[in-house]
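Written out below as structure tokens is the structure these notes cover.
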Amino acid sequence: MADLKPVGRFAPTPSGRMHLGNVFAALIAWLSVRSRDGEMVLRMEDLDTQRTSADFADILRNDLAWLGLDYDRETAPQSQRSHVYDRYFEILREKGLIYPCYCTRSQLHSVNAPHLSDGTYVYTGTCRGLKEPPKNRVPAWRVMVNDKVWTVEDKVQGHYELNLATQCGDMVMRRADGVYVYQLAVTVDDGEAGVTEVVRGMDLLSSAPRQMYLQELFGFPHPEYGHVPMLLAPDGRRLSKRDRDLDLEELRKRITPEGLIGTLAFASGLIDRNESVSARELATEFTWDKLKGDSIYLDGSKLL
Ligand SMILES: [Zn+2]
């Protein structure tokens with residue numbers, strides 16, 4: 001199957017301007033696919049309708065165009081696909097894997113619940129097989145997970161593994177307010193769009209096994225994964241959305257797209273000298289093994 005063209009994707013959340021970290025992940029996703037003459041898909045991850053807007057979606061498209069990161073098609077935004085997610089939710093229900101969870105937020109985060117080093121908790125299955133559900137309470141719906149170690153051979157991070165039963169627990173698929181969760185929506189959207197390669201920030205690495213489990217239940221093939229390093233300030237602090245001066249609204253006033261891409265490419269090991277370069281030029285020489293696997297330090301003040 002090696003001669004099939006790769007299909008990658010941009011999946012931004014239209015809740016604000018692209019930040020340097022988003023630009024970097026988008027650049028690598030695009031380079032990986034375009035360097036092999038593959039296809040790019042765009043979709044807006046706007047499940048959180050309170051925080052997202054069509055205006056920000058327009059700005060994101062404009063920012064991608066400014067960066068020279070083009071795409072071949074845009075699929076429907078997640079906010080318009082709950083009827084599709086309904087169908088996949090029913091697949092889980094028909095398999096007997098779905099059950100209602102009445103736990104309150106404080107129960108879930110209580111000191112009795114096991115917590116992992118990243119601050120997330122392991123759901124211990126409190127509501128599995130609940131005999132008498134509380135009255136007048138609307139439940140969330142969880143999918144049972146299996147006791148199996150899922151392994152990811154990541155293009156950047158290498159071997160990664162997670163046992164969903166012991167390190168995650170049964171996952172919420174639909175919240176009490178009826179909104180489907182990120183893991184279900186992403187799995188369905190990537191699967192239906194024929195995405196073969198998921199490239200995104202390292203902070204989402206632990207989502208990969210969660211999504212692989214759902215891919216298996218829904219009958220989608222597993223894509224390849226590449227979780228790119230986080231960008232850090234010289235003092236080791238993670239560059240975050242709080243650094244307003246490093247979002248594209250400010251950066252576009254001060255630097256050319258080639259200047260910005262050159263800076264990111266140099267900091268991440270893709271080129272040997274800090275010089276302006278277009279995404280298109282970089283694509284001719286891109287290989288994954290050039291990319292640094294550990295944190296990337298970037299002095300944002302030099303961009304301003
Ligand atoms: Zn529960």
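The values are calculated or read from the model by the stated rules, or taken from the named source; none is laboratory data. Given the structure is predicted, the values throughout are model-derived calculations rather than measurements. Using ideal geometry, Cβ is built from the backbone for each residue, glycine included, and neighbour counts are taken over all protein chains shown. These accessible areas exclude ligands, DNA and RNA; they are computed on the full protein's heavy atoms, side chains included. Shrake-Rupley method; radii C 1.70, N 1.55, O 1.52, S 1.80 Å.
Quick notes on this one:
- Applying the set (1) surrounded by 16 or more Cβ atoms within 10 Å (Cβ to Cβ); (2) away from the ligand (no atom under 16 Å from the Cβ) to Thr151 leaves exactly one unmet item: (1).
- Hits in the range 1-56 - residues which are β-branched (Val, Ile, Thr) and open to solvent by 30 Å² or more (accessible area, probe 1.4 Å): Thr13, Thr49
- Filter result (open to solvent by less than 40 Å² (accessible area, probe 1.4 Å) and either within 16 Å of the ligand (Cβ to nearest atom) or assigned to a strand (DSSP E or B) (or both)) within the range 173-198: Met173, Tyr180, Val181, Glu197, Val198
Yes or no, residue by residue, for (1) under 25 Å from Asp86 (Cα atoms); (2) modelled with pLDDT under 95; (3) among the acidic types (Asp, Glu):
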site	(1), (2), (3)
Asp147	no, no, yes
Val152	no, no, no
Lys155	no, no, no
Thr166	no, yes, no
Val172	yes, no, no
Val179	yes, no, no
Val195	yes, no, no
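- Matching residues in the range 1-50 - criterion: being at pLDDT below 95, among the charged types (D, E, K, R), farther than 17 Å from Ala65 by Cβ and more than 15 Å from the chain's Cα centre (by Cα): Asp3, Lys5
Let's see how each residue does on (1) among the aliphatic types (A, V, I, L, M); (2) touching a Lys or Arg at 6+ places or on another chain (Cβ under 9 Å); (3) touching a residue at least 12 places away in the same chain (Cβ under 8 Å):
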{"residue": "Leu4", "(1), (2), (3)": "yes, no, yes"}
{"residue": "Gly8", "(1), (2), (3)": "no, yes, yes"}
{"residue": "Thr13", "(1), (2), (3)": "no, yes, yes"}
{"residue": "Val23", "(1), (2), (3)": "yes, no, yes"}
{"residue": "Val33", "(1), (2), (3)": "yes, yes, yes"}
{"residue": "Leu42", "(1), (2), (3)": "yes, yes, yes"}
{"residue": "Thr52", "(1), (2), (3)": "no, no, yes"}
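- Restricting the range 114-124 to residues that are within 14 Å of the ligand (Cβ to nearest atom) and open to solvent by 40 Å² or more (accessible area, probe 1.4 Å), the residue that is modelled with the highest pLDDT: Thr124
- Neighbours by Cβ (under 6 Å, 6+ apart or cross-chain): first from the range 120-134, assigned to a loop (DSSP other than H, G, I, E, B); second of a type outside the set (S, T, N, Q) and more than 9 Å from the ligand (Cβ to nearest atom): Val122/Pro114; Val122/Gly169
- The lone exception for Ala140 - which of (1) small (Gly, Ala, Ser); (2) within 16 Å of the ligand (Cβ to nearest atom); (3) open to solvent by 30 Å² or more (accessible area, probe 1.4 Å) it fails: (3)
- Residues in the range 278-304 that are surrounded by 15 or more Cβ atoms within 10 Å (Cβ to Cβ), assigned to a loop (DSSP other than H, G, I, E, B) and modelled with pLDDT of 90 or more: Phe286, Leu291.
- Tally, over the range 75-113, of residues that are loosely packed, with under 14 Cβ neighbours inside 10 Å, in contact (Cβ under 8 Å) with a residue 12 or more places away in the chain and more than 15 Å from the ligand (Cβ to nearest atom): 2
- Selection of the range 246-274 for residues being within 19 Å of Ser301 (Cβ to Cβ), open to solvent by 40 Å² or more (accessible area, probe 1.4 Å) and part of a loop (DSSP other than H, G, I, E, B) yields Thr256, Asn274.
- Qualifying residue in the range 205-225 (condition: within 16 Å of the ligand (Cβ to nearest atom) and either under 26 Å from Ser110 (Cβ atoms) or assigned to a loop (DSSP other than H, G, I, E, B) (or both)): no
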